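Reviewing the structure listed below.
What follows is calculated from the coordinates using simple rules that are stated; it is not laboratory data. Bear in mind the structure is a predicted one, so any value in this text is a computation, not a measurement. Cβ coordinates were reconstructed from backbone atoms using ideal geometry, including for glycine residues, and neighbour counts include every protein chain displayed.
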Amino acid sequence: MQRAQGSELKVALSLIVDDVGRGAVDGTPFGRYRLTELLGRGGMGEVWRAYDPEMNRVVALKVLAPSFADDQAFQERFRREARSAAGLDEPHVVPIHDFGEVDGRLYVTMRLIHGRDLRDLLNDGPLPPARAVGIIEQIASALRAAHEIGLVHRDVKPSNILVAEDDFAYLIDFGIARAAAESSMTITGATMGTPAYMSPERLNAGRADARADIYALACVLHEALTGQRPFPGESLEQQLVGHLTSPPPRPSTLQTGVPEAMDAVVATGMAKDPDHRYATAKDLAQAARAALTTSGPREADSPQNSATAGVPTQFAPVLNPTQPPPPIPASSGRTKLVVGAVSLLAVATAVVAIVIATTSSSGGGVASSSRVSTARGTGTAPVGNPVSRLLAVVPNSERCTPVASAHPGSLAAVHCPTAISNNGYLELVYHLFPDQATQNNAFHSLNFVPCPGAAASPQPWQRPSAQHTEGQVGCLVSDGFEVMWTIQSQLVTGDARGQPPNVSLDNVYQWWAAQYQ
């Protein structure tokens, strides 16, 4: 490792941020290396062809983005993980020669491989099944060696798989992805993995072990066989929805010549529950090899060390965003609503919920006018996905997205912004509760103030044509002006909030009265 200083580095760095087509002047210094050609650029930095005069060899030199050097914790992890990766003695892991820092820019040098990455190969179309499995077997061998020493790759994807002319495959970027994933930069939005290949547990909690690599490898297998990502989607949200809620697609239905037995291999490798996946990458590769010679449908081998684990029973030929997802646990606790600061899970769930609300309107479940109609219920929440149930009774639900619950005990919450007169803007939040007792406890725990023109707050409310009380309504002044109401038959509580000076409590109350009275 080394740390170099010097004005000549400024020339190199200016070239590094230049356009790919312009490249570097032959022999531009970067520490002890001479940069000769910019090979590629990604979210984490650039890769250069470089010459190492001390060792008299040509190498691939990866220079990380400047932002990584500002994170001391990342620098420590980078060096530790790069050192571990350099110790991997496995033919399908690209050897790391050197790593260090040059005037604040972290770098790592590796053997220069002559070939194409799998992403480039797949741009030409899917691979024959035998060739796809052959590449997966080699990458599984690389992962097996890494996992045995506790090293998790975290970014297994086609662009990190290099294929030489003789189809000898290499897995690159060991150490870098994990160091980045564990650094504080995961909070700032840096790319710490590719969503198209990220396991549900990584999307949910950000934490992962070797089984996340197995999930990603199964995704790559699917793409190699079909030329398509498992959950392509036209947006990031659609991709996340697929990984979190949708059954794995069946590659045999997407590409002629793929054995049906391969469907179960992909399904097991991409199981939502990590315990239901193959125990090792080798197990996945062996199952894929066996599927090549199996005629007709076949269950994949059960994962090791899991007596109850099995192949998922559901498959889907394509991602169908109109199908409701399985229930997603709701958050609990009285938390501050922060609009726009939702997790990956909330973003993904929002897409599912919006699609459900929009497509179910023809069935009469979604209110289609500006007024909300209510129906008498039993006082107990019906079964089904809480978010979709809530959106089925919320007006204009196509504008709504799930958020963290702001009431203890609620099953789901959605945020539905709306504009009112005088350039005002209301934040609308609806909550669904499991029963009336929980709903009433949450409602009456708040400190209400008198509503405009009302003798008491909260007080019962009903529609002029109704013979029964719909629920309670009250006003609050805390973080803005609020009106909160309950619809007891639906176990729904609504909260409309506006901010001064454009919105007054009278504005909010008048809006509520126009909707419900």
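Of all DSSP bridge pairs formed entirely within the stretch 21-137, close to 100 percent run antiparallel.
For GLY409, the amide hydrogen comes within under 5 Å of the amide hydrogens of GLY333, counting only partners 5 or more places away or on other chains and with H modelled in the peptide plane. A straight chain from ARG80 to THR418 at 0.36 nm per residue would run longer than the Cα-Cα distance by 116.6 nm. Going by the alpha-carbon gyration tensor, a ≥ b ≥ c the square roots of its eigenvalues, is the stretch 396-517 rounded (a/c under 1.5) or, if a/c is not under 1.5, prolate (a/b greater than b/c) versus oblate? Since a/c stays below 1.5, the shape of the stretch 396-517 is classed as rounded. Our estimate of slack between SER159 and ASP275, defined as 0.36 nm per intervening residue step minus the Cα-Cα distance, is 39.0 nm. Please state the shape class of the stretch 115-292: rounded when a/c is under 1.5, otherwise prolate if a/b exceeds b/c and oblate if not, all from the C-alpha gyration tensor. Rounded. For the stretch 163-172, backbone phi angles converted through the Karplus equation (6.51, -1.76, 1.60; θ = phi - 60°) give residue-by-residue couplings of 10, 6, 4, 8, 6, 6, 9, 10, 9, 10 Hz, Gly and Pro being listed as x. Panel order for PHE68, PHE174, by other beta carbons found within 10 Å of each beta carbon, from fewest to most: PHE68, PHE174. With the highest mean first, a sort of the peptides 208-218, 386-396, 119-129, 504-514 on other beta-carbon atoms found within 10 angstrom per residue produces 208-218, 386-396, 504-514, 119-129. Taking amide H as placed 1.01 Å from N in the peptide plane, the amide H of VAL449 sits under 5 Å from that of CYS475, LEU476, VAL477, each at least 5 places away or on another chain.
In the stretch 115-292, a dipole from Cβ-located charges (positive for Lys and Arg, negative for Asp and Glu) runs towards its positive end, and of HIS222, ILE161, PRO195 it is PRO195 whose Cα lies farthest in that direction. Given +1 at the Cβ of Lys and Arg, -1 at the Cβ of Asp and Glu and no other charges, the dipole of the stretch 115-292 around its Cα centre is 240 debye to the nearest 20. Counting other Cβ atoms within 10 Å as a rough exposure proxy, the listed residues ILE113, ILE487 run ILE113, ILE487 from fewest neighbours to most.
When the charge dipole of the stretch 421-517 is built from unit charges on Cβ atoms (+1 for Lys and Arg, -1 for Asp and Glu) and taken about the Cα centre, the candidate among HIS468, ALA442, VAL508 whose Cα reaches farthest toward its positive end is HIS468. Scoring 275-281, 147-153 by mean Cβ neighbours within 10 Å over their residues and listing the highest first yields 275-281, 147-153. Each residue in GLU237, GLU201 was given a count of other beta-carbon atoms within 10 angstrom of its own, and listing them fewest first yields GLU201, GLU237. Amide H to amide H distances under 5 Å link GLU470 with TRP461, GLN462, ARG463, where only residues 5 or more positions off or on other chains count and H is placed in the peptide plane.
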